[in-house]
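Let me begin by handing over the structure; questions about it come next.
The values are calculated or read from the model by the stated rules, or taken from the named source; none is laboratory data. A quick note: this is a predicted structure, and the numbers were derived from the prediction, not measured. For neighbour counting, all protein chains shown are included, and Cβ atoms are generated from backbone atoms with ideal geometry for every residue, glycine included.
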Amino acid sequence: MLSLHWGYSIGGVGKYGVLVDKAARRAGIAVEHVCIRGRNWQVDGKTLAELNAREIVLNSRMDLSWLRTLCRYLRTAKPDLIMTHGFNGHFVARLLRKSGCFQGGIISSYHGLYHATTAGRKWLAPLFNGFTEWHVGRTLGTVAVAAYSKQYLVEKGIPGERVEVIHNGIEDSRVDPEARKKLRREWKLDDDQIAIGVASRLDPVKGIEYLLAAFARLVEKHPDIVLFVVGTGAVEQELQAKADELGLSSSVRFTGFRSDIEACLSAFDIFALPSLAEYHSIALLEAMRAGRPIVATDVGGNTESVRHEKEALVVQAADVGGLESALDRLITQSELRARLGAAARDRFLSEFTEDVMLAKTADWLNACLVKQAQTG
């Protein structure tokens, strides 16, 4: 099987590629990875190296030599299946089929709608989303990471039997208790100082501007609280400017990209996920694994992971007042923090571990191979 990527961004989809690799190997399927990327694109090079991915580097957007290179590779590798992830990967697979380079089975993962990172790219959304739906309807099978995602595809006319829901899962781990103390010392936090954290790609769809607005209100009541924004992305500078505009330069800290997310989560007292759209958030699973009390928005598959007042406090998207109120409850109620954090970890262990996800994905991949053998 070939797992095909166009670019390889840092974040959930990149992590998903690693899980696909593990699932295929668990199923006894030989898997290789190809990543087509521009010379100066920001990619998750560390993960690509771990996957031993074959990288095809473009000299420019107009450089079409990648197609010849990929066709040569396919003639040698002869995979039974190609698995695609995201619009560009889907498009490449269809080009390969059209050009005659590949006649095997095409399967895909579906992580949700395309959301433009800038106003100038909004016109692309109907094109990208429409093509993705067309592609998914013509695959041997597609795995959706949330029931919410499957329901959307079915409403678009895609037969439900072609879409398998397999929630994301991540490996369980426990951070050394000293990691919290060490990082809080590094961040110059007092033992009793409340640290709120968000860890995500910094794109408009992540809703962090609303978290900043809510935090500005909270600081007036709780002047010692600190907000950590972990990650990088298209609106990083814009968010920093917004924090300065709100007078938060001393209480909001932008850490940039960090590879020690588990340690960061252990240092937080509260995790916030203010997204305007999600499908099955790996960041949310990481917070559950860490046993953090969570405030999350009621979008996409978030409530398939956490339920209001059981494992998290769930608020409406883009609701500054709702975020403020929920965070204020957690800031002031240590017992609530402890209860929600423990419940979140328990639910993670029962539903969303990597082992559960890998077993289901391995079975699905084998079923796709059987289907391909039957259809030819």
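Taking the condition of being more than 18 Å from residue 92 (Cβ to Cβ), of a type outside the set (Val, Ile, Thr) and not in a loop (DSSP other than H, G, I, E, B), how many residues in the range 108-146 meet it?
Number satisfying all stated conditions: 7.
Just wondering, is there one or more residues in the range 347-363 that are touching a residue at least 24 places away in the same chain (Cβ under 8 Å), surrounded by fewer than 19 Cβ atoms within 10 Å (Cβ to Cβ), under 19 Å from residue 309 (Cα atoms) and among the charged types (D, E, K, R)?
So far as the range 347-363 goes, yes, one or more of its residues are touching a residue at least 24 places away in the same chain (Cβ under 8 Å), surrounded by fewer than 19 Cβ atoms within 10 Å (Cβ to Cβ), under 19 Å from residue 309 (Cα atoms) and among the charged types (D, E, K, R).
Determine whether residue 275 is of a type in the set (S, T, N, Q) and either part of a loop (DSSP other than H, G, I, E, B) or on the phi > 0 side of the Ramachandran plot (or both).
When the stated conditions are applied, residue 275 passes them.
Criterion first (at pLDDT 95 or above, assigned by TED's automatic domain parsing to the domain that holds residue 293 and in a loop (DSSP other than H, G, I, E, B)) does residue 342 satisfy it?
Considered against the rule, which asks whether it is at pLDDT 95 or above, assigned by TED's automatic domain parsing to the domain that holds residue 293 and in a loop (DSSP other than H, G, I, E, B), residue 342 comes out as no.
A follow-up question, please. If residue 62 passes every condition in (1) surrounded by 21 or more Cβ atoms within 10 Å (Cβ to Cβ); (2) free of Cβ contacts under 8 Å to residues at least 12 places away in the same chain but one, which one does it miss?
All conditions are met except number (1).
Look through 88, 52 and report the one residue that is modelled with pLDDT of 90 or more, assigned to a loop (DSSP other than H, G, I, E, B) and outside the structural domain of residue 257 (by TED's automatic domain parsing).
52
Something else now. Could you identify the single residue in 189, 218, 211, 183 that is within 30 Å of residue 355 (Cα to Cα) and either touching a Pro at 6+ places or on another chain (Cβ under 8 Å) or of a type outside the set (Gly, Ala, Ser) (or both)?
183
Table: residues versus (1) within 23 Å of residue 14 (Cα to Cα); (2) of a type outside the set (Gly, Ala, Ser); (3) modelled with pLDDT under 95.
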{"site": "288", "(1), (2), (3)": "yes, yes, no"}
{"site": "292", "(1), (2), (3)": "no, yes, no"}
{"site": "305", "(1), (2), (3)": "yes, no, no"}
{"site": "308", "(1), (2), (3)": "no, yes, no"}
{"site": "314", "(1), (2), (3)": "no, yes, no"}
